[in-house]
Amino acid sequence: QKEVEQDPGPLSVPEGAIVSLNCTYSNSAFQYFMWYRQYSRKGPELLMYTYSSGNKEDGRFTAQVDKSSKYISLFIRDSQPSDSATYLCAMSKGGSYIPTFGRGTSLIVHP
Amino acid sequence: EAGVAQSPRYKIIEKRQSVAFWCNPISGHATLYWYQQILGQGPKLLIQFQNNGVVDDSQLPKDRFSAERLKGVDSTLKIQPAKLEDSAVYLCASTEGTGKSGGANVLTFGAGSRLTVL
């Protein structure tokens, strides 16, 4: 079993839809939970991160962490074609610095 | 602020040939990482440098891969001899801190160097 599991998709939605992207993990030591966005032929860029459990909102994006279920989510409201990209979750342990990445979910938002 | 620079962007080689990739991190960033991203997979850490010292190279295939960061700034990653399974995007990333002190480790990535081994 991989430490971080993420459905590769692709996930295809119409413009304006609410998108839900998810990851599960097995290591209860993870404390920091990150979402990176990767456009085609570009490097990943950080969208947002959360510490421990709870929600965090940034514009159209909301990150949720449920440590009891070892499950994290990224919600995108009013999705736009420009949101079409691969979304990578990443996690790191407190005091251990290197994040472990999921394989990414490919999102396609069509007009 | 200039981002992480990588070159070349694309490289096609025959198996058993050698290749080198170059990375220039964000100015002042002490920690530099090389990741391998195979198509359809997440980035996998190859090596981590702090200044010019190696912090973690446990997942670097040392029989064929080597990396250096001699002056604590630029870094090169070399593959010799290349195998078909080395076809991937090689991502360089950097962070300001030295790590291991808690807090989210926010990596800034370059655009990557895409290697195709025929």
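Every read-out reported here was derived from the displayed coordinates using simple, explicitly stated rules and does not represent laboratory data. Fair warning: this is a prediction, and the values are worked out from it, not measured in the lab. So basically every Cβ, Gly included, is an ideal-geometry build from the backbone, and we count neighbours across all protein chains shown.
Key figures for this structure:
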read-out	value
20 Å Cα-Cα reach of B:Lys11 towards lysines, excluding residues that sit fewer than 8 places from it in its own chain	A:Lys42, B:Lys44, B:Lys78, B:Lys83
Debye intensity ratio I(q)/I(0), log10, the protein assembly as shown, q values 0.07 Å⁻¹ (C-alpha model)	-0.22
Peptide-level mean, for B:43-51, of C-beta atoms on other protein chains within 10 Å	2
Shape of chain B, Cα gyration tensor, a/c cut at 1.5	prolate
Calculated Rg and Dmax of segment A:35-111 using C-alpha coordinates, Å	12.9, 43
In segment B:19-114, the trypsin sites (Lys or Arg not before Pro) that fall in loop regions by DSSP, at most 11 other Cβ within 10 Å	B:Lys62, B:Lys71
Filtered chymotrypsin sites (Phe, Trp or Tyr not before Pro), segment A:8-111: DSSP coil and at most 14 other beta carbons within 10 Å	A:Tyr39
Relative contact order computed over chain B (Cα-Cα under 8 Å; 6+ residues apart), in percent	37
Other protein chain Cβ atoms within 10 Å, averaged over every residue that makes up B:107-117	3
Cleavage-rule hits (trypsin sites (Lys or Arg not before Pro)) in segment A:10-111: DSSP loop, at most 11 neighbouring Cβ within 10 angstrom	A:Arg41
Cα gyration tensor shape for segment A:1-83, rounded if a/c is under 1.5, else prolate or oblate	prolate
Segment B:1-43-segment A:34-55 distance, computed between alpha-carbon centres (Å)	19
Shape of segment B:12-58, Cα gyration tensor, a/c cut at 1.5	prolate
